[in-house]
Each structure stands twice: as structure tokens, then as C-alpha cells.
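Colleague: Dropping a structure here in C-alpha cells format, bear with me for questions.
The values are calculated or read from the model by the stated rules, or taken from the named source; none is laboratory data. Since this is a predicted model, take the numbers as computed values, not measurements. All Cβ positions, even for glycine, are placed from backbone atoms using ideal geometry, and neighbour counts span all protein chains on display.
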């Protein structure tokens, strides 16, 4: 069977980039007027030519999103289980060469974190780890899920790429969705950023959503880490990936996120920075391309940006996040993956959602499914 | 207006409401009350069954409102039966809106799994209202399986596109021995009125009310449209004639021959 790798290999990064930059206002207007938008329309909508149309895109995106998702924002909390990692990734706090004491939560510590997260009202949780296959492997995940499952309606994971069988095991144990971000679709640059460890294998990561899809998982989350390469070209490849997956694994739901590298992470982002307006443009372009993809905004973004972006196409938000294992109660000072920007409590974020005329949704799944 | 009967239960209102997509639970409650609806669907996955104070349910506690739990989120008959059993236990009702849409993009119902689940649930004593495509043969098969009503779609869920399946809905209504409730895609009061004029027994509306500028006012608009459509149906709405009545009749000779 054809997989995404076969499609990916037919494209040239430079040609895609050139074709995006060649889009004109005429292309943008045609894309805005279309009833069914294509990947070529998406290129036009993320191109520099679409900059003057961001307000129009936002209006459309707002309406389409309300029609599909209603006036609701789904809330979830990340729970970091481990910051052990054998990869060297130049932009990540968990990178192996960052010589700081590592931590993996024990069963008792997981329970302690659960209690705090539950008190905030969360019913959807995202489990996150680094990549340390000797200690934080599928058996560890299965044990963690057993502890967590009775307390949450919906569990997602964002861990190292696994095999199809392992994903099937996790699905059977109660995992609803898997997030696996390609970081960048630029094959050569990928190797520069992912210097050492299993993650340095570009194609193994690229093929991961196929393995998740084959395992029968309910949802797959995609993203690029904005700031590693040209965001427009990278986002086209991500949209291409999404388009392929949605047609192939048609029973699966999809989500996209827009993590921007935080300047604090020690990477020179001057070349590939995406500014606020461009991020709005990108988010709206995804919505205009795909009316049903879930769009998630994390606490990497600032309060003001999050307050305003929730009406423009967003469907899901994290709140009160800690990005270090034990961060909610066990060990508040352990090594964190990245510094969050919106430090408000979940209740404060929920109050802003309500003030915007939206309903914060804490539960939209059930563990019996 | 005639009352609607489903599984020996009488309904004054022929408008059913969905409870998702509202900006707040209060807004939802106001719209439900204004609509006069006596039957509202609640997605089981949205309800927190572990607390007694679930926000959605507390806003639906009115004596005239019946809860119709739906199985949205399930992908197979097996999962649907499990969900229905949980709903029966938690919400103390044996009514269930059967929704099996394994396609998360357009939320198209799976006819095969739906038929299987209806058979199973009917045997278990459930009052089953399945969400289905506007497929006349499937409706008859569901009747055989013991369905209490059928809920064919007008167009995809949340699309507000109206009755794109009009011709097939007509066949379903003409043939059905169980109530026909048109569900999904009803985007405007005029769509609801049209559905009622053509003889549907009821309609289910959610998105069009929930995301309206003023959901309460829109709920009233739908209430009136459903009542108008039903009254027109019960009073034999005149057929539309596409051509003019001929001025020189073709059968005049019959009169002349008899003279």
C-alpha cells in the first residue's frame, strides 16, 4: 500500500516554496471564493499575497468553525511523565546534552499529579514524555494508563514514535489519540536539528502517522515546530500529510497545532520567525482548507493572543500547563521542556472563554468507548 | 394539530432539539424552553456521569422535557450497545438516539452497524431512534428490526444545507409505518417548515439554533415554522402546478358526443 513517504518523495522543497511565493492576490481571491478548497488554495492562503486578506480569512474561519464545532472550546491539561531523553535536539529542553537531573514519575507520583489536575476540573489529559526507550517504553505507558484511566474521560499521548502493534496495544488500553509532530518536513534541516538518537531518523518519524492510522487510533495530531524552517513551506507539507491521512485513515479524526519556538529555547530563530499576524493567517488557512480538523492552541502563546485567537478557528486549548514531570505537585522545579507563556489558572482561562460567549467543554468523550 | 406518538408516548411539540454547540448551558436551557420542545438529545460523551451536578443535565431538569441520550462517538454496533446500556443506567431512560458515524469528517451514518445495533437494542427493550441516511430500504429494514422511529438526514450534520435528500425523504414518509423525524442539515425555519409540509412527523434541530445570534429568538422561529408546516400538512396543502390549465380541454368531445 502506498504510504505518505511515497507522496512526500515526489515533492521538492524548493519548488513548493517557489510556488507559494508566486501566488498572487488573484489566487487568494479565488481561494476565498471557492466552496471546496484544494492544497493549491491553501498555498495561496498562506502566501505573502494573502497578508491583506487576513481579516476576511478570520471572518470566514470564525463562521465555519462555529458551524462545525459550535461556540465551544475543549480544555485539556498536559501531564509530563518523564523528561528522560536519549536524543540530542538543538531546540529542546529535554535534549540529552542538557546535563540536568532527570525524572520519571512513579505510580504513586502519577496519582499525586492526577489529584491536582482533577481538582482543576480537567477530564481530558495529554501524557507527554521524552524518548528514553529503556525506561519509558510501552510497558511503562501501559502501567501509567492503568493508573490514569479511571480518572479521565479522554487520554492522549505525545511520546516517541512506536510500532503499529504498540499503538494498537495503547489504543486497546484506552488511549484516544496520539500526537506526533514532524517538527520540520525539510529532510536535510531535520538532520541538523536532530543530531543524535532515534529521533534523527527522518523517515521513521515521517511514517509514524501511517502506523498510528493502521492501528485504529481515534485521533492523530500533527504539527511542525514553527521556527525551524520556512513556516509556509513546512505548513504546506503538513497540510499535504493531513490530506493524505484523512483520505487513507478515514475513520480517524485529526488535529493540528502551531507550536512556535519560544526564544528562550536557545535557537536562532531570526530567519524563520513567524509573527502573530502570520500565525493567525496560518490558522485560518487550515480552517478554510479543512472544516473539521481540530485546532489546538497551547500555553506557549501569550494571554492576549490566546484570548483573541479562540474565536478565529480554535477548538481546543490547554490551560494551567506544567511542562515538567511532577510539575503540578510532585517536583515543581524539575527540568521543563519549554517555558509557558500563559500562566493563568484553568479557572481563569475558562472564565475568559465564557466572557467571549463560548462554552468551556471539560468532557467530550467517555472511558467506556 | 394532531399529537405525535412515538412508542406510546405523546408529544405536543414536533420539534426536537440538540443540546451541543451552545455558547453556554444557560443559553441552551433558554432556547430549549422557548422552543416548546419536549424531547432533547444529549451526547452521552458530554455528560459527566460521575457527578450529580453535571452542568448540561442540571439545565435540562424540567418536567416536560424528555432526555434522548445519543451514542455519538461510537464507531460500531458493539460500542453503541454498550453506550446505550450505560445511558439507560445513568439517565434512567430506555430511549436512545442511535448514532453510529465512523466517518468523523461528514459524520455519515454507517447503515450496516446501525441496523445491527437496532436489532440488538430492540431485543434488549430499548426504544431506538436511529440516525440514518435518507435510504428508504434501510428504513423498512429498521422497521423489521423493531425501530421506534427513523431519523433520516436532510443533509450532513451541522451543514445547514437544508433538505438535500428531499426526494428520498418523500419516499420514506410515504412508506413508513413508524414516525419519521428529519434530522441533520435543517439550517433555517423554512427548511423545518418544508419538512413538516411534506409530512414528516417531527424535525430535530441543533446547529441552526445553537450558533444563532440570539438562540432564544431562533428557537421561537423554529417552533413557529414547525407548527406552520404541520398545520399546512394536516389541511392538505394544495399541490404545486407547473403548467397552466389548458384553455381548450382535450376531453370536450365526450360532452359533445353525449348530447
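Colleague: Can you tell me which of (1) touching a strand residue (DSSP E or B) at 6+ places or on another chain (Cβ under 6 Å); (2) more than 9 Å from every other protein chain (Cβ to nearest Cβ) is the one residue B:29 doesn't meet?
Modeller: It is condition (1) that residue B:29 fails.
Colleague: Being surrounded by 20 or more Cβ atoms within 10 Å (Cβ to Cβ) and touching a residue at least 40 places away in the same chain (Cβ under 8 Å) narrows it down to one of B:57, B:44, B:49, so name that one.
Modeller: Unique residue meeting the criteria: B:44.
Colleague: Further question on the same structure: If residue A:177 meets every condition in (1) at pLDDT 95 or above; (2) surrounded by fewer than 16 Cβ atoms within 10 Å (Cβ to Cβ); (3) assigned to a strand (DSSP E or B) apart from one, which number is that one?
Modeller: (2)
Residue-wise test of (1) away from every other protein chain (no Cβ under 14 Å); (2) surrounded by fewer than 24 Cβ atoms within 10 Å (Cβ to Cβ); (3) under 19 Å from the mean Cα position of the chain (by Cα).
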position	(1), (2), (3)
B:213	no, yes, no
B:220	yes, yes, yes
B:223	yes, yes, yes
B:229	yes, no, yes
B:239	yes, yes, no
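Colleague: Restricting to segment A:207-230, count the residues that are in contact (Cβ under 8 Å) with a residue 60 or more places away in the chain and not in a loop (DSSP other than H, G, I, E, B).
Modeller: The total comes to 4.
Colleague: Here is a follow-up. Could you tell me whether residue A:251 is surrounded by fewer than 22 Cβ atoms within 10 Å (Cβ to Cβ) and part of a loop (DSSP other than H, G, I, E, B)?
Modeller: yes
Colleague: On to the next question. Mind listing whichever residues of segment B:13-32 are within 18 Å of the chain's Cα centre (by Cα) and surrounded by fewer than 22 Cβ atoms within 10 Å (Cβ to Cβ)?
Modeller: B:13
Colleague: Is it fair to say residue A:353 is modelled with pLDDT under 95 and within 11 Å of chain B (Cβ to nearest Cβ)?
Modeller: no
Colleague: Has segment A:315-337 got at least one residue that is more than 22 Å from residue A:71 (Cα to Cα), within 14 Å of another protein chain (Cβ to nearest Cβ), touching a helix residue (DSSP H, G or I) at 6+ places or on another chain (Cβ under 8 Å) and in a loop (DSSP other than H, G, I, E, B)?
Modeller: No, segment A:315-337 contains no residue that is more than 22 Å from residue A:71 (Cα to Cα), within 14 Å of another protein chain (Cβ to nearest Cβ), touching a helix residue (DSSP H, G or I) at 6+ places or on another chain (Cβ under 8 Å) and in a loop (DSSP other than H, G, I, E, B).
Colleague: Are there any pairs, at least 6 apart or on different chains, whose C-beta atoms fall under 7 Å, with the first in segment A:270-288 and without any contact (Cβ under 8 Å) to a residue 60 or more places away in the chain and the second assigned to a helix (DSSP H, G or I) and surrounded by fewer than 18 Cβ atoms within 10 Å (Cβ to Cβ), and if so, which?
Modeller: From residues that are without any contact (Cβ under 8 Å) to a residue 60 or more places away in the chain, the pairs are A:276/A:305.
Colleague: Select from segment A:180-206 the residues that are assigned to a helix (DSSP H, G or I) and touching a strand residue (DSSP E or B) at 6+ places or on another chain (Cβ under 9 Å) and write down the one among them that is surrounded by the most Cβ atoms within 10 Å (Cβ to Cβ).
Modeller: A:199
Colleague: Now for a different question. What tally of residues in segment A:297-313 results from selecting those that are under 22 Å from residue B:105 (Cβ atoms) and surrounded by fewer than 22 Cβ atoms within 10 Å (Cβ to Cβ)?
Modeller: Qualifying residue count, segment A:297-313: 1.
Colleague: So which of A:359, A:281 is within 14 Å of chain B (Cβ to nearest Cβ) and crowded, with 21+ Cβ neighbours inside 10 Å?
Modeller: Within the list A:359, A:281, the selection yields A:359.
Colleague: Would you say residue B:68 is assigned to a strand (DSSP E or B) and either at the interface with chain A (Cβ under 10 Å from one of its Cβ atoms) or within 21 Å of residue B:119 (Cβ to Cβ) (or both)?
Modeller: Considered against the rule, which asks whether it is assigned to a strand (DSSP E or B) and either at the interface with chain A (Cβ under 10 Å from one of its Cβ atoms) or within 21 Å of residue B:119 (Cβ to Cβ) (or both), residue B:68 comes out as yes.
Colleague: Further question: Quick check on segment B:79-89. Is at least one of its residues more than 21 Å from the chain's Cα centre (by Cα), under 30 Å from residue A:245 (Cβ atoms) and facing another protein chain (nearest Cβ under 10 Å)?
Modeller: Within segment B:79-89, one or more residues are more than 21 Å from the chain's Cα centre (by Cα), under 30 Å from residue A:245 (Cβ atoms) and facing another protein chain (nearest Cβ under 10 Å).
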